[in-house]
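Notes to accompany the following structure.
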Amino acid sequence: NEIDKKKLNESIVEETKDNMTDKSSTISKTNPNIPIITDSNYHTIPSLIQLSYKTDEELKNIENFQVIHVIYGAITWEGITDVRNIDICEAVKFGQSTVELYPNVTPDVPDELMKLNKRAKVELYNVWPKDKTTQERIKPTNVNKIKKWINKLKSRKFTQYITFNEQDGTWQFYILAA
C-alpha cells in the first residue's frame, strides 16, 4: 500500500511537470494576427497580451471588444468581434470630443458588420459645451444652455444618444457603422 501511494505521487508529479511544460511552451507562442497598437495612449480589453495567447478562431470571436484612449474615451463593440490583423490606431481615431472609425482607409473599410465597422458604444471624456462668443465652457449651473446642448447631442446623425454626465463631461452614445 505504501509503495502504491509512492508510485501514485511520483506519477502525479511527472504528469504535473508534463502539463507545466506543455503550458509554458504554449504560452511562449504568440499569435501574429493580434491587433496592432502604435500609440501608447491606446489600450484594449482584452489586453494585447491576453489576445496574443488566443488562436485565430478565438480572435475571430472576441466578446465585447473595447478600445480605450486614456485621454479621450473608449469604444466598445458589444457582442462578437473579429479583431484579427486590425491596426487599432488606423481604424479608431480619438480626439477631443470625437471618435472616428476608419477615417483614412476609405477604399479598405471592411463591409458593414465586419471587423470594427459595426454599431459600437462610445464614451467620450471631458466633453463640454462652449459659449459661442467667449469659447468658455458652459457651467452645469446654466441649465437652459446645457439642456439645449444635450438636445443637439441627441440629434447628431449616425449616433444614438445614451447619456451626458454634466458633472464630469462624459458623453455616452452608440455610433453606427462607418
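Descriptive notes on the structure:
- Single unsatisfied condition, T55 versus (1) surrounded by 13 or more Cβ atoms within 10 Å (Cβ to Cβ); (2) out of contact with any helix residue (DSSP H, G or I) (no Cβ under 6 Å at 6 or more places or on another chain); (3) at pLDDT 90 or above: (1)
- Close contacts from region 120-136, counting a first residue that is free of Cβ contacts under 8 Å to residues at least 40 places away in the same chain and a second that is open to solvent by less than 100 Å² (accessible area, probe 1.4 Å) and not hydroxyl-bearing (S, T, Y), with Cβ to Cβ under 6 Å and a gap of 6+ residues or different chains, come to P129/I138; P129/W149; D131/I138.
- Residue, least open to solvent (accessible area, probe 1.4 Å), within region 121-154, restricted to residues that are assigned to a loop (DSSP other than H, G, I, E, B) and closer than 19 Å to E100 by Cβ: V127
- Residues that are more than 17 Å from A120 (Cβ to Cβ) and among the basic types (K, R) within region 46-97 comprise K54, K60, R84, listed in sequence order.
- Among the residues of this structure, V92 counts as one that is surrounded by 17 or more Cβ atoms within 10 Å (Cβ to Cβ) and under 13 Å from the mean Cα position of the chain (by Cα).
- Selection from region 155-168 of residues that are hydrophobic (A, V, I, L, M, F, W, C) and exposed (fewer than 15 other Cβ atoms within 10 Å of the Cβ): F158, I162
The values are calculated or read from the model by the stated rules, or taken from the named source; none is laboratory data. Just so we're clear, the structure is a prediction, and the values are computed from it rather than from any experiment. Cβ coordinates were reconstructed from backbone atoms using ideal geometry, including for glycine residues, and neighbour counts include every protein chain displayed. All accessible areas refer to the heavy atoms of the entire protein, side chains included, with ligands and DNA or RNA removed. Shrake-Rupley method; radii C 1.70, N 1.55, O 1.52, S 1.80 Å.
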